[in-house]
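Let me begin by presenting the structure, written as structure tokens, before commenting on it.
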Amino acid sequence: MTSSEEEQPGSEEEQAVPAKDAPEPCPEEVGEQDGESSEALPQSSSRQRVLFVLAAVLLAPVALLAGAFGASRFLAPPPDAGHAYVLHVALPPAGGTLGLPPVQGPLDASRPLVVIDPGHGGHDPGAPGVDEKGHPLREKDITLALALALRDKLLAAGGVRVALTRETDRYLMLEERSGIARQLKADLFVSIHADSSEAADASGATLYTLSDRGSSQEASRIAARENRADTVDGVPLAGTSNAVSAILVDLSQRHAGAQSTRFAELALREGKDRFDFRARPLQSAAFVVLKAPDVPSVLFEAGYISNGKDSARLASPEGREAFAAATAQAIRVYFARENGVAAAQ
């Protein structure tokens, strides 16, 4: 037997015999240990429940937001889908000034200036109509074509400066249109429109000036809005009371109204042999676009776009030429009479 064998422990029987010297746990100690473990289990489970409730309270809003976002992404229409109820309007920056259109014609600033305003534009199409071939017409396109024809007629003859409130299909607020005429210190403002009616037999052109009722209401409103810090017809309103300011505005509007009526009469005289007018061709109404207090202003309804005969005339080159020739002649005669300046070459 080798030395290694001698060092090994005894037989399996000897190993299996429990040591007599090892102390056995007493029953009291066993009971205490069982009690401690039974008390630790409820405390641990209650702590876990508290942590779970806190986690649920904290994570619930996050889960709701995530669900709402996912639902909106899932239910939202594709990006290229049209939305007829969405209207996007380009507005000038807050506090900014409206860009003024260029003045065309003679460089001599003493020459009279007429501002031509094609009605509607941009997202505002105006009244709908159809031409003689059944093609759809929009008032904003008709008015722009008439305004451009009138401008070209005036510039070709010379002697008159011309500006358009719009030369493209863009939207302008009503007060912006007359505001352009005021800022440019125009001598005349002509707003071009095409009328519309449910009555199929309604036809003919109409010339509108500002009504007395609209003038007096506007006089008070302008005086309050300007707060005595503006000028009307060259007269400063600063330092005057609201009552005096209203009187000055009203006097200026009355003077401009008389000039407006004289131009409307000239436009009727020059146009009645070229195209049809209504039975009452000269009328007045409280149009916002006519309420510039110190600029003679006329709204020219060139015809009824809802009438087949009128719409065919308005959409044709011959109709535009007739309108431009008559109105341009009326403008030149008006300036010759009012300003004492022959609007000629």
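The values are calculated or read from the model by the stated rules, or taken from the named source; none is laboratory data. These numbers were taken from a predicted model, which means no experiment stands behind them. For neighbour counting, all protein chains shown are included, and Cβ atoms are generated from backbone atoms with ideal geometry for every residue, glycine included. These area figures cover heavy atoms from the full protein model, side chains too; ligands, DNA and RNA do not enter into them. Shrake-Rupley method; radii C 1.70, N 1.55, O 1.52, S 1.80 Å.
In straight-distance terms, cross-link reach from Lys133 covers every one of the lysines whose alpha-carbon lies under 27 Å from its own, apart from those fewer than eight places away in the same chain; here that gives Lys272, Lys309. Straightening the chain between Tyr171 and Gln283 buys 37.7 nm, computed as 0.36 nm per residue apart minus the Cα-Cα spacing. Against the criterion of solvent-accessible heavy-atom surface with a 1.4 angstrom probe, Glu318, Glu139 sort, most first, into Glu318, Glu139. Taking packing as the residue-averaged number of other Cβ atoms within 10 angstrom, the listed peptides 301-309, 58-66, 114-122, 283-291 run from highest to lowest as 114-122, 301-309, 283-291, 58-66. Ranked by the mean number of other Cβ atoms within 10 Å per residue, highest first, peptides 261-271, 198-208 order as 261-271, 198-208.
Can you tally the net charge around Arg151? Count Lys and Arg as +1, Asp and Glu as -1, for every other residue whose Cβ sits under 12 Å from the Cβ of Arg151. The answer is +1. Here the extension length gained between Asp124 and Asp108 equals 2.2 nm, from 0.36 nm per residue of separation less the Cα-Cα distance.
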